[in-house]
Amino acid sequence: MAERPELTETGTAGPAGAGAAETGSGPSAERGRAGAGRWLPSGFLAPALVLLGLLVAYPILFTIWRSLFDAGGDTFVGLDNYVAMFTDSQTFTALKNNLIWVLVAPALVTSLGLIFAVLTERVRWATAFRLVVFMPMAISMVAAGVIFTLVYDRAPERGLLNAVVVGVHDVFADPSPFPGARPRDTGPLATRAGAYETRQQARPGQTVTLPLVAITPQRQRELAPARSAQARPGALTGTVWADFTPGAQAKANQIDPTEKGLGGITVEAVSGGRVAATATTAADGTFTFTGLADGAYTVRLPAGNFAQPYNGVNWLGPSLVTPAIIASYVWMWAGFAMVLIGAGLAAIPRDALEAARVDGATEWQVFRRVTMPLLAPVLMVVMVTLVINVLKIFDLIYIIAPGSSQEEANVLALQMYLRSFVGERGDQGLGSAIAVVLLLLVLPAMMFNIRRFRREQG
Amino acid sequence: MRSMRRLPLRGTALVAGLALALTACGGGEDGDSDGATGTSLKGVKLEVAAVWTGGEAENFKKVLAGFTKKTGATVTYTPTGDNVAAYLGSKIQGGGPPDVAMLPQQGVLVEFAKKGWIKPLGDDVKQLMQQNYAQIWQDLGSSDGKLYGVYFKAANKSLMWYRPRAFEDAGITQPPTTWADLVKTAGTLSDSGATPLSVAGGDGWTLTDWFENVYASSAGGEKYNQLAKHEIKWTDPTVKDALRRLAELWKPNYLAGGADGSLQADMPKSVTAVFGPDPKAAMVYEGDFVAGVITGETEAKVGTDAKVFPFPAVGAKPPVVGGGDAAVVLKENKGAQELVKYLASAEAATIWAKLGGFTSPNKAVNPASYPDDIQRQIAKSVIDAGNDFRFDMSDLAPAAFGGTKGSGEWKRLQDFLKNPGDVDAAAAALEADAAKAFKN
């Protein structure tokens, strides 16, 4: 927990503090000569120092100290918590995810922000557009998280994104006639690679029965009664039907009076691994293969008849959960990057651009060779700010990742919270160790920022 | 996270609150007749703390009003928020604990007793407990041989909720009573074109409850208690056997939304998947609080559109797994002991039983007090279970193992739901996490 005040303090108060110290040195030297007391500057600094000490330095030191003790806080365990942390697979996943976040999210946000800023610079409705892009920043992380749980919901009837994906998919692929229908485990049909085949081969002149189950009752009510196929000389005939009658009296694999035929199913007669003929069932479930050469055929119902309706993408499943959450982060922060970069763009001296154009540079060259170098400092600030921000990401993951893939989406800040505070026996020793590591990771970015500010001041 | 298990209870009570108008007239007479015999506590002020809010709190206040009527003591009710242990801990350390509190977890009761935060109950309460409760409830309320808590309210988590229409369509007339029957029923439902099960795999705790029911019945009470304390390993053959049983039912094509969909459905979603306007499944497993979700979030009516059968017997006897809220005394005074004694009586439990959304472990409560058949059935299985009632195992385990979203038992069973084929790997993963959390 200790690094949080530190982050915000250094981001804003740091440079201001440095500036104050420098400007303060002049007058204080004069007064020193005048004999007004050398304690005066310290007096002015005191409130800030006390606050910083209490709110920043003390928590950091205490966290480091606490990380050397066990869960109870009484027994000194040395570096055991750090060892435990790096041998724990959960923390390792969290570390790995943090790395992915740091590498991907700031770069993505900055480049999107740059694109938006450059494009909107010349658009008429720039302000309106920027307002819209910036708007997600006005929403709290938690609320954004809740919004995205609705966007990413697995079920297409609830999840916005899957509704779109399924809608697009269904435009290009027709739904199968009987999704989910299957044969019983025992019976004339066997399953092979998703398709259903007769266990015994049949010859022209014979009749086959192809019973299927698992057709919804609602669907069955709409269907026509099944009819036994008549044997015809020289033709292979058969029936595909819904072999289910409620209650125990019905016989399996037999066409009972109330059972329904399955129409519109593609049936194949297979001989020696090759499809010899194809037929489609009538509404009563019957089909006929005519003109087959004499021989033994396996009758097959291809998998396409029974494919489950396309259900969209498992966005919040273990494999996609981190990219999905990063996308929601980009949605939130692209506006922030756009506004900062837009301000930077506005500050670029126009004459430099004009000079390049006069010299015959193309727009792309102007962008690459003039705009980008002039904009580099701003891009750097945005990047580094985002890196710090991303390292302590917590809320989005806590809210969006469902329990079943939280472990796969875990990051250090969340792991620290889970270890320290969840359950009646939270281990704040281990939690503190994670916090210290998190602080160490943030430090380089902060150092970089401070140095840059110094250079600008100088 | 455990608090989530409590949330839906409120709904139950809310609905049951409707029954209040009917029973309110009858309630008064009981108090009057007993009023003469009770000890007079006029002028005594008592504070009671419990997790209940909303309708449940209203109903509990009616129970407390019965005590006031009987003894003249003034009782105020304070809700604790979701984390009772943390609330009481801070109150005790701050020097102002309530006189009586309702503890929802047995582990907390033992912990508080060890710290000396709760007081042993007097002999008259003990006698009343022996008279009205099965031995198991006395044991659950005791620590080191001394009785500290009276279980006033029980939760039954061994219930299968089902849609009668789906059963009719499949021609199933009798709800299954054994596990083999249940597997067969699921098969028949699937053949009929219905998806048999909705599993709230997004909430890891529902999966631990599934496992506990199967395990309590298949391995028996002794093993159950040993596993709860991690005295036997999760790689024990009994555990693997229970997992194998679960795998018979947790087949992707038996689950609404498949394994992936189940893993993102939380408990309310799993219930609406069965009883909502566009039903996706025929059965859903969870505790008595499902009734509240059905009435709160769907148009279905409990008793006609939604029915319930007890979790089938996997071994010799059907399991009854659940929890309970135990009344404990935090301040040594006459009034507090009297109040706990009152809560151990059938009289107190009957008041809430009539209002609904309540299950009493008290044998002396007349089953006729419950407002409908479903609630009577739920209460009956708790009483009938007697000493075979099992406290929710994951609630007895360290939170890191039994109560944390995304890790420990919750996560391992979610992994198992996704990949029910590999029992050995699941057992090994459970054992690794348990060993870490129990530190043994």
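Derivation of every value follows stated rules applied to the coordinates shown; laboratory data play no part. Remember, predicted model here, so these are calculated numbers, not experimental data. Cβ coordinates were reconstructed from backbone atoms using ideal geometry, including for glycine residues, and neighbour counts include every protein chain displayed.
When you filter the trypsin sites (Lys or Arg not before Pro) in the range B:240-316 for DSSP loop state and at most 11 other Cβ atoms inside 10 Å of their Cβ, you are left with B:LYS301.
Ranked highest first by the average count of other Cβ atoms within 10 Å around their residues, in what order do B:210-223, A:104-117, B:170-183 fall?
The packing order, highest mean first, is B:210-223, A:104-117, B:170-183.
Just add up the charged neighbours of A:VAL270: K/R +1, D/E -1, any other residue whose Cβ is under 14 Å from the Cβ of A:VAL270. Write out the running numbers ahead of the final one.
Details: positive: A:ARG192, A:ARG199, A:ARG203, A:ARG274, A:ARG300; negative: A:GLU197, A:GLU268.
The answer is +3.
Inter-label distance, A:ALA293 to A:ILE450: 8.6 nm, where each label sits 7 Å from its Cα along the C-beta direction. Over all other residues within a Cβ to Cβ distance under 15 Å of B:ASP139, the charged ones net out to +1, with Lys and Arg as +1 and Asp and Glu as -1. The charge dipole of the protein assembly as shown, taken about its Cα centre with unit charges on the Cβ atoms of Lys, Arg (+1), Asp and Glu (-1) only, comes to about 1060 debye.
The sum of -39500 (n - 2.57) across all DSSP H runs of n ≥ 4, divided by the residue count of chain A, sets its helix-only mean residue ellipticity at 222 nm to -17000 deg cm²/dmol. What FRET efficiency do you get for B:ALA432 and A:THR127 if R0 is 35 Å and r is their Cβ-Cβ distance, rounded to the nearest 0.05? That gives a FRET efficiency of 0.05. Backbone amide hydrogens, once placed in the peptide plane, bring A:PHE69 within less than 5 Å of A:VAL77, excluding anything fewer than 5 places away on its chain.
Pairs of C-alpha atoms in the range A:348-407 farther apart than 20 Å represent 54 percent of all such pairs. With each label modelled as a point 7 angstrom along the Cα→C-beta vector, the B:GLN131-A:VAL142 pair spans 4.9 nm. Nearest 5 percent is fine: what portion of the DSSP beta bridges confined to the protein assembly as shown is antiparallel? Once the DSSP bridges in the protein assembly as shown are tallied, antiparallel ones form about 70 percent.
For the residue pairs B:LYS115/B:LYS439; B:LYS91/B:LYS411; B:LYS280/B:LYS418; B:LYS157/B:LYS334; B:LYS184/B:LYS405, alpha carbon separations beyond 24 Å are given by B:LYS91/B:LYS411; B:LYS157/B:LYS334; B:LYS184/B:LYS405.
If a/c stays under 1.5 just call it rounded; otherwise compare a/b with b/c (prolate if a/b is bigger, oblate if not). Do that for the range B:273-368, with a ≥ b ≥ c from the square roots of the Cα gyration tensor eigenvalues. Don't jump to the answer; show the numbers that get you there.
Details: a/c = 2.64, a/b = 1.97, b/c = 1.34.
Because a/c hits 1.5 or more and a/b exceeds b/c, the range B:273-368 counts as prolate.
Rounded to the nearest whole Hz, the Karplus-based 3J(HN,Hα) values (6.51 cos²θ - 1.76 cosθ + 1.60, θ = phi - 60°) of the range A:365-379 follow the sequence 5, 4, 5, 5, 9, 10, 4, 4, x, 5, 8, 3, x, 5, 4, with x at glycine and proline.
Given 4 °C and 1.567 mPa s, compute D for the range A:123-223 with the Stokes-Einstein relation, Rh being the Kirkwood radius over Cα pairs; round to the nearest whole µm²/s. The partial results should precede the final answer.
On the way: Rh = 19.1 Å.
It comes out at roughly 68 µm²/s.
Mean residue ellipticity, 222 nm, helices only, chain B: the sum of -39500 (n - 2.57) across DSSP H runs of n ≥ 4, divided by residue count and rounded to 500, is -15500 deg cm²/dmol.
Using equal-weight Cα scatterers in the Debye expression, the normalised intensity of chain B in log10 at q = 0.06, 0.14 Å⁻¹ is -0.25, -1.30.
Peptide packing: for B:313-321, B:118-126, the average count of neighbouring Cβ atoms within 10 Å per residue gives the ranking B:313-321, B:118-126, highest mean first.
Counts of other chain beta carbons within 10 angstrom of each beta carbon in peptide B:266-276 average 1.
Over chain A, all Cα pairs binned in 10 Å intervals from 0 give whole-percent P(r) values of 4, 14, 16, 15, 13, 12, 11, 8, 4, 2, 1, 0, 0, listed from short to long. Packing, taken as the mean count of other beta carbons within 10 Å per residue, orders the peptides A:431-438, B:104-111, A:351-358, B:365-372 from highest to lowest as A:431-438, B:104-111, B:365-372, A:351-358.
Given q = 0.22, 0.23 Å⁻¹, what are the Debye log10 I(q)/I(0) values for the range A:189-305, with equal point scatterers placed on the Cα positions and solvent ignored? Results for the range A:189-305 at q = 0.22, 0.23 Å⁻¹ read -1.25, -1.34.
Within 10 Å of each Cβ in peptide A:396-408, how many partner chain Cβ atoms are there on average? Round it to a whole number, please. Walk me through the numbers on the way to the answer.
Numbers: counts 0, 0, 2, 0, 0, 2, 11, 17, 20, 6, 8, 7, 2.
Other-chain Cβ atoms within 10 Å of each residue's Cβ, averaged: 6.
Taking amide hydrogens as placed 1.01 Å from N in the peptide plane, the amide H of B:LEU41 sits under 5 Å from those of B:GLY72, B:ALA73, each at least 5 positions away in sequence or on another chain. Peptide B:397-407 is shielded by partner chain Cβ atoms: per residue, an average of 6 of them sit within 10 Å of its Cβ.
The tail of the calculated P(r) for the protein assembly as shown beyond 39 Å holds 56 percent of all Cα-Cα pairs.
Please state, as a whole number in µm²/s, the translational diffusion coefficient that the Stokes-Einstein equation yields for the range A:297-391 at 25 °C and 0.890 mPa s, with Rh defined as the Kirkwood radius across alpha carbon pairs. Answer, rounded: 137 µm²/s. 3J(HN,Hα) along the range A:181-187: 5, 8, x, 5, 5, 10, x Hz, from the Karplus curve 6.51 cos²θ - 1.76 cosθ + 1.60 with θ = phi - 60°, whole Hz, x for Gly and Pro. When only alpha carbons are used to place a centre, the range B:276-308 and the range B:361-440 end up 21 Å from one another.
Net length available on complete extension from A:THR362 to A:PHE134 is 79.0 nm, with 0.36 nm assigned per residue and the Cα-Cα distance removed.
For each pair in B:LYS223/B:LYS380; B:LYS42/B:LYS69; B:LYS114/B:LYS146; B:LYS126/B:LYS341, compute the distance between the two Cα atoms and list the pairs where it is over 20 Å.
In this structure, B:LYS223/B:LYS380 exceed 20 Å between Cα atoms.
Computed on chain A, with alpha-carbon pairs under 8 angstrom and 6+ residues apart, the relative contact order is 24 percent. In the elastic network of chain B, a GNM with C-alpha springs shorter than 10 Å, the most mobile of B:VAL271, B:VAL290, B:VAL44 is B:VAL44. Summarising the strand pairing of chain B, around 55 percent of its internal DSSP beta bridges are antiparallel.
Around the amide H of B:GLY324, modelled in the peptide plane, lie the amide H atoms of B:ALA155, all under 5 Å away and 5 or more residues distant in sequence or on another chain. Of the GluC sites (Glu not before Pro) found in the range B:290-351, those in coil by DSSP whose Cβ has at most 14 other Cβ atoms within 10 Å are B:GLU299, B:GLU332. Model label points for A:GLU354 and B:ARG376, set 7 angstrom from Cα along the Cα-to-Cβ axis, are 9.4 nm apart.
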